[in-house]
Amino acid sequence: MDERTFRCRRCTARFANRRQLYLHGMQHHYQSGGGALQARPWTDGETPWEADDDGPLKTVYEANAPIIMENHSESSVTSSYNVPLTNDFTVPQLMEQSERIFDRQRHAFRLNLEFGLILRHTETVEYRYFRPFQNESLFEHPVYISRRKDLNRLRLRLQRFNVTDYILRQRPEPNGSPI
């Protein structure tokens with residue numbers, strides 16, 4: 001048996017590397033639970049990979065779509081709200097989502113942000129998706145929200161914070177770059 005192949009434990013297919021095995025698993029075996037996925041974040045119909053004719057980006061995005069487009073997970077103790085965004089999101093868009101979260105709550109809560117990213121390695125030009133919970137939270141300490149006016153504190157923190165700089169610092173290797 002060749003040690004350089006990786007076998008899928010569900011269907012026993014073999015792959016040359018772990019990346020191919022991961023993409024296979026996401027495309028053929030990943031289950032996102034009950035319910036449909038959320039809508040894609042772009043509205044004009046043109047996807048990011050169509051603009052640049054970037055097939056590898058499409059492959060990574062589509063393979064990870066069940067995670068990127070996953071619905072919210074709410075419970076009485078902790079909840080996760082998944083909000084698919086484009087690369088050119090704004091603070092007002094983040095605040096609109098924060099207000100929607102506030103409207104769903106029945107009690108005070110703490111809010112922090114994490115971003116899922118598709119990064120491109122500048123030397124190998126390969127794309128890789130990084131799940132939000134594998135990255136650091138945006139704020140060192142979550143924002144405590146008990147009243148609607150507490151959202152102003154969140155807005156001020158987001159306006160003072162350079163989110164693009166934060167995302168660029170999430171690169172696992174020094175020569176990765178966001179798409």
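The values are calculated or read from the model by the stated rules, or taken from the named source; none is laboratory data. What you are looking at is a predicted structure, and each value in this text was computed from that prediction instead of being measured. Cβ atoms come from the backbone with ideal geometry, glycine included; neighbour counts cover every protein chain shown. These accessible areas exclude ligands, DNA and RNA; they are computed on the full protein's heavy atoms, side chains included. Shrake-Rupley method; radii C 1.70, N 1.55, O 1.52, S 1.80 Å.
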Members of region 50-78 that are of a type in the set (S, T, N, Q) and within 29 Å of residue 127 (Cα to Cα): 59, 64, 71, 73
Criterion (over 26 Å from residue 31 (Cα atoms) and loosely packed, with under 13 Cβ neighbours inside 10 Å) met by exactly one of 125, 77, 91: 125
Count of region 140-157 residues which are open to solvent by 100 Å² or more (accessible area, probe 1.4 Å) and in contact with a helix residue (DSSP H, G or I) (Cβ under 6 Å, 6 or more places away or on another chain): 0
Residue match in region 99-121 (condition: open to solvent by 50 Å² or more (accessible area, probe 1.4 Å), within 17 Å of residue 61 (Cβ to Cβ), modelled with pLDDT under 90 and within 20 Å of the chain's Cα centre (by Cα)): yes
Which listed residue is at pLDDT 85 or above and of a type outside the set (Val, Ile, Thr), from 37, 57: 57
